[in-house]
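What follows draws every value from the coordinates through simple rules; no lab data is involved. Just so we're clear, the structure is a prediction, and the values are computed from it rather than from any experiment. Here the Cβ positions follow ideal geometry from the backbone for every residue, glycine too, while neighbour counts run over all protein chains shown.
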Amino acid sequence: MGKIGAILLSGLMSAALVGCDSSETTGETVSKVGETDGSQVSNEKENFKSYLADVRPVTQDLSQFAKDFDTLRQESIDGEIDDLTFRSRVTEKFLPESVEMQEPIEQIIPPKELRNTHAKMIKMMAKNTEGLSEIISAIDTGDASKITSANNLMTETRTTAREYMYDLQDLADKYAVSLK
């Protein structure tokens, strides 16, 4: 069994991010909009749907990324690969993919209402990349404290991913838009 895979938490972004579809939920719009100027809410709703369309390609890539990393981790746990193979795959596949997914997210300029939510997405991606780098360092040095550090970074990644999804769900509920 690979030591690193057995110790590391799965840590990557949740497959829940695969959602982010912008289909409307019928019957809820009137009750949600009643207290505010309809044109303002309509504009905010369109901004939200546009944002979802902007992040959808990356969230779909993140879902596959998380599944692939979990498979790699499981291969290490099951002893199918050793630590050096694990390191090689993280170095050659997962770290570059993480950086590649981060770039388009950082280029999105969200509407004002979504800035804090989007900042969580950027933080999640950055912590994921940092965690992958720490995994490589842990294997290179054999330093158990770096494994702990990598686990902490991956835990922060998951926590931030959940916060991001909660924010999106709150907005989806507000505008009667489905994330599925």
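With both labels modelled 7 Å from their Cα along Cα-to-Cβ, the GLU163 to SER145 distance reads 2.6 nm. The alpha carbon centroids of the range 48-117 and the range 155-176 are separated by 17 Å. Eigen-decomposition of the gyration tensor built on the alpha-carbon atoms of the range 52-92 gives equivalent ellipsoid semi-axes of 27, 10, 4 angstrom, largest listed first.
By other beta-carbon atoms within 10 Å, ranking VAL99, VAL58 with the fewest at the front produces VAL99, VAL58. Taking amide H as placed 1.01 Å from N in the peptide plane, VAL177 has its amide H under 5 Å from the amide H of THR25, each at least 5 places away in sequence or on another chain. Taking each of LYS67/LYS174; LYS112/LYS146; LYS93/LYS127; LYS45/LYS93; LYS45/LYS127 in turn, the alpha-carbon distance tops 27 angstrom for LYS67/LYS174; LYS112/LYS146; LYS45/LYS93; LYS45/LYS127.
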